[in-house]
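Structure, as structure tokens:
Values in this text are rule-based calculations from the coordinates and carry no lab data. Because the structure is predicted, anything quoted here is derived from the model rather than measured. For neighbour counting, all protein chains shown are included, and Cβ atoms are generated from backbone atoms with ideal geometry for every residue, glycine included.
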Amino acid sequence: MALMATTVRTKLRRLIASASNRSNGSISISICRQLSSATEAAEAVGSRGVVGLGVFGLKDYEDYRRSLYGDITHKALLVDAAGTLLVPSQPMAQIYREIGEKYGVAYSEAEILNRYRRAYEQPWGGSRLRYVNDGRPFWQFIVSSSTGCSDSQYFEELYNYYTTEKAWHLCDPEAEKVFKAIRKAGVKLAVVSNFDTRLRPVLRALNCDHWFDAVAVSAEVEAEKPNPTIFLKACDLLGVKPEDAVHVGDDRRNDVWGARDAGCDAWLWGSDVHSFKEVAQRIGVKV
């Protein structure tokens, strides 16, 4: 068994060196991490006598984590807000048009959507941070660009609407039951979101703020996903190491790549996992 582990480690080191040489010495972070994790697993094969081999001749990743941590594979679960935990109750363009009609907005929903996308993709104020404090300057720009209406009363009504329970609903109806089971099992929970300071009132309006041990909001942390800083802040608030946390979100770049750059595990909502019950099962929590 020790000979097998040594052989696997040797092959992995050659893979790392080969990949580095092919890229003129600059191997990608993700590849390094995958190979590094596999190397650590090889150590486990040698020191623990683990059998049943998969990728790189090693066990499946989840089984590997269980071999290290037991039944519960992670000490913390980080959850994205918009698109994962909660979703808009009505399409954005529909709300912009319906509220805007009494203020003279005449654009169709399709045109509002197209103009919204163009505005949202533009650089904002020479900074990568869109959401600073309450995010009003940014959203005023988005609303006026999307609808052609700069009426302050229109903006205030629209802005305040997105702080109410009418604007949002929970993505998974079983979320409360699942999160209670996860916390009961000793796993800590945090929301990690690119959002302005309205997120906390939104969570309170949906009566789910008490489900979480911490909330890391980009407007407060002053770092937006995929910047690893926001994930590290969430782990710090929970008192866990990044490698002991898994993040779940619906955006591959912001959520998966960002979390992995911070050293966390990460699963893509709607692809790797489709419900919070499935998340709990993968962590090792029975619901």
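Quick look at the values:
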item	result
Descending Cα extents along the principal axes, the stretch 156-250, whole Å	42, 32, 21
Cα Rg, Dmax (largest Cα-Cα span) when computed across the stretch 90-161, Å	11.8, 34
Per-residue Cβ neighbour rank within 10 angstrom, fewest leading, 274, 247	274, 247
Members of 184/225; 180/225; 177/277 lying beyond 19 Å, as alpha-carbon distances in this model show	184/225; 180/225
Projected-area mean, the stretch 220-287, by convex hull of Cα positions, square nanometres	4.6 nm²
The stretch 63-126 - convex hull of alpha carbons, volume per residue in Å³	187 Å³
For the stretch 113-206, projected area of the alpha-carbon convex hull averaged over all directions, nm²	7.6 nm²
